[in-house]
Amino acid sequence: MFERLAAGSPSLIWHDVPVAVSLSSPALVVAQACDALAGAVAGITAEGRFPIVIGGDHSIAMGTWSGLRRALAPPGLFDLLWIDAHMDCHDPSTSPSGALHGMPLACLLGRCHPDLAGVACPGPPLTPGRVTLIGVRSFEPEETAFARRTGLRVVHMEEIAAQGLAAVMPLPAGPFGITLDLDAVDPGDAPAVGTPEPGGIRAAELLDALRPLLASPRCLALEIAEYSPPHDVAGRTAALMEALLRAAVQPGEPP
Ligand SMILES: [Mn+2]
C-alpha cells in the first residue's frame, strides 16, 4: 500500500516507531511507545511536514497529539475531530475493563493513568472546548459525566443519521487535527477492528466528509487507529485505508 501511495507522492516517507515489549506493565509499554511517537510527530511537524499516524490501538493518540502540541508555538491550540464509536474518556477508576485504549481522550485532557501522565506533560495537550467526538454509540455513564464536566462536544450516531456527517463535521476555522478510530465506521465497511460496533458511519460518507478537511492547509495531522488487518474481510478495510491515505497524501487528485 505504501509503495502504491508513494508512486504518486514521492515525498512520502515511512517511519516505524519501535515498541519495547519487555517493560513491567502494559501501561509502561504504552507510555514509552507514546513518548517515542510524540517525539516523531513533533519532529515531523517542526520540519513543516504532515504526519500521518497509523496504529495500533487508540492509546497511540496520547503520543500523536502530545507530539503535535509540543511542536506548535505557544499557545499551541488546535481543534481535534475525534471520530470514534467510543468516547475513550475513562480513567483507571472508572474503566470496567481497565483497557488503556478506553482512556486516551481523558488523558489528553489531563485525567491520566499515573503510568501515562508523563506522556501528556507538561499540561494537557488538548482543550475540551476544541474537541468534538463524532460517531459515538457505545459508552459508559462515567464517560458521559466526564464529557459534560469538561465541556466536550459529543455527536452521537443519531445526529449523524439525521443530519449527515458533513453537516456535523464542518471545516474548522483554525488549525485542527483528525483522529479516526476505525471502529467508528460500520463493521460492514471496516470489519478489521478489535471492537466492532454495529450501526456506524458508512465508508463512502466518511470519505466524502473527510476529503475537503484533509485538503485544507489548516489540517495539521491525521491519525488512523485500531486497524487490525487479520480481522479484515475481503480486503474491505484495506481498501478504505488506502482511500483515506490517498485523500491525505494526494488531496488534489480525484478519488
Ligand atoms: Mn477510540
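The values are calculated or read from the model by the stated rules, or taken from the named source; none is laboratory data. Fair warning: this is a prediction, and the values are worked out from it, not measured in the lab. Reconstructed Cβ throughout: ideal geometry from the backbone, glycine too, with neighbour counts over all protein chains shown.
A few notes on this one:
- Reported count of residues in the range 144-179, each being assigned to a loop (DSSP other than H, G, I, E, B) and either more than 24 Å from Ala248 (Cα to Cα) or within 16 Å of the ligand (Cβ to nearest atom) (or both), is 2.
- Test: residue in the range 191-205 that is closer than 24 Å to Phe78 by Cα, in contact with a strand residue (DSSP E or B) (Cβ under 7 Å, 6 or more places away or on another chain) and at pLDDT 95 or above: no
Every residue, every condition in (1) more than 10 Å from the ligand (Cβ to nearest atom); (2) of a type in the set (Val, Ile, Thr); (3) not in a loop (DSSP other than H, G, I, E, B), yes or no:
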{"position": "Leu80", "(1), (2), (3)": "yes, no, yes"}
{"position": "Asp88", "(1), (2), (3)": "no, no, no"}
{"position": "Ser93", "(1), (2), (3)": "yes, no, no"}
{"position": "Gly98", "(1), (2), (3)": "yes, no, no"}
{"position": "Cys112", "(1), (2), (3)": "yes, no, no"}
{"position": "Pro122", "(1), (2), (3)": "yes, no, no"}
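The rows are residues; the columns are (1) in contact with a strand residue (DSSP E or B) (Cβ under 9 Å, 6 or more places away or on another chain); (2) touching a residue at least 60 places away in the same chain (Cβ under 8 Å).
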position	(1), (2)
Ala85	yes, yes
His90	no, no
Ser93	no, no
Ala99	no, no
Arg111	no, no
Ala117	no, no
Ala120	no, no
Leu126	yes, yes
Gly129	yes, no
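- Total residues in the range 101-110, condition closer than 23 Å to Pro74 by Cα and part of a loop (DSSP other than H, G, I, E, B): 2
- Candidates Leu116, Leu133, Leu152: the one that is under 23 Å from Ser59 (Cβ atoms) and over 17 Å from the mean Cα position of the chain (by Cα) is Leu116.
- Selection count, the range 136-145, where residues are buried (at least 22 other Cβ atoms within 10 Å of the Cβ) and more than 17 Å from the chain's Cα centre (by Cα): 1
- First in the range 240-253 and at negative phi and among the acidic types (Asp, Glu), second anywhere and in a helix (DSSP H, G or I) and surrounded by fewer than 21 Cβ atoms within 10 Å (Cβ to Cβ), Cβ under 8 Å, 6 or more apart: Glu242/Arg4; Glu242/Leu5; Glu253/Gly8; Glu253/Arg246
- Among the candidates Val29, Val41, residue that is in a helix (DSSP H, G or I), free of Cβ contacts under 8 Å to residues at least 12 places away in the same chain and β-branched (Val, Ile, Thr): Val29
- Of all residues in the range 180-221 being farther than 21 Å from Gly252 by Cα and in contact with a Gly (Cβ under 6 Å, 6 or more places away or on another chain), the one that is farthest from the ligand (Cβ to nearest atom): Asp186
- Taking the criterion of being surrounded by 15 or more Cβ atoms within 10 Å (Cβ to Cβ) and over 21 Å from the mean Cα position of the chain (by Cα), the only residue of the range 10-47 that qualifies is Leu23.
- Residue that is nearest to Thr179 (Cα to Cα) [pool: residues in the range 222-238 that are more than 16 Å from the ligand (Cβ to nearest atom) and surrounded by 15 or more Cβ atoms within 10 Å (Cβ to Cβ)]: Ala238
- Qualifying residue in the range 56-75 (condition: outside any helix (DSSP H, G or I), more than 13 Å from the ligand (Cβ to nearest atom) and under 25 Å from Ala190 (Cβ atoms)): no
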